[in-house]
Amino acid sequence: MTIDYSNFKRAKSNRINTHNTMAIPRIEPLDWINSHIELSFSEDEIMAVRDFTLMWNLFERFACNRNFSEHAIRDKITTYNINSVLFTEHLEYFTERYVLNNRANYHFDSLFNGQTNASRELVHQVLSGTNLNSDDIVVACIIISYRFRNNLFHGNKEIRLIHHQRNNLNVAISVMALFLDNIDIVL
């Protein structure tokens, strides 16, 4: 299959700098996506996806030593005495989105892709108000952000609807930034 690159907007430089004489064209991903998948996303509509991706990279590096785990998060919460009060608005947002009458709703099931595990149970307990432990509240907010990451990176979100995830991704970005603001970041 030959791809016609002539219809794509080029970045400032039309070529990627290489160490040899290869002429690799630089592609604008948004133009490619819109052209090949017949979408019409604007930069604004997908900015949260880009920002979330960058923020997750930093979060996982500094909060989890490059390997996400609930244990790593709990260690940081304990070490830095991170209080769930900081995450009150995030918890309210997630509760409104995922719980109705103390029961998990359709969005909650989609968040976990039908998986049943200890993390899902912990998040449900926190969101339904049956678990008020401060550490667990912070962990639940982080696990939800992690589930966004899994669903986004592993293709569980319908690409045509990804721009509808802006609010979710922006809340997760805020969760990660707030968490990182409360730990020592060593470069």
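The values are calculated or read from the model by the stated rules, or taken from the named source; none is laboratory data. As the structure is a prediction and not an experimental result, all values here were calculated from the model. Ideal geometry is used to build each Cβ from the backbone, glycine not excepted, and the neighbour counts take in all protein chains shown.
Details
- Index of the failed condition, F108 passing every other in (1) closer than 22 Å to N170 by Cα; (2) touching a residue at least 40 places away in the same chain (Cβ under 8 Å); (3) part of a helix (DSSP H, G or I): (2)
- If only residues of segment 136-181 that are more than 14 Å from the chain's Cα centre (by Cα) and exposed (fewer than 15 other Cβ atoms within 10 Å of the Cβ) are counted, the one that is nearest to L39 (Cα to Cα) is R160.
- Each residue in segment 149-187 was checked for being basic (K, R), in contact with a helix residue (DSSP H, G or I) (Cβ under 8 Å, 6 or more places away or on another chain), over 18 Å from F68 (Cβ atoms) and touching a residue at least 24 places away in the same chain (Cβ under 8 Å), and 1 of them qualify.
- Filter pass, F8 being farther than 30 Å from A177 by Cβ, among the hydrophobic types (A, V, I, L, M, F, W, C) and modelled with pLDDT under 90: yes
- Which listed residue, of R74, R120, is touching a residue at least 60 places away in the same chain (Cβ under 8 Å) and either surrounded by 16 or more Cβ atoms within 10 Å (Cβ to Cβ) or more than 18 Å from I173 (Cα to Cα) (or both): R74
- Consider segment 50-69 and keep the residues that are of a type outside the set (F, W, Y), surrounded by 17 or more Cβ atoms within 10 Å (Cβ to Cβ) and touching a residue at least 40 places away in the same chain (Cβ under 8 Å). The one that is nearest to V171 (Cα to Cα) is M55.
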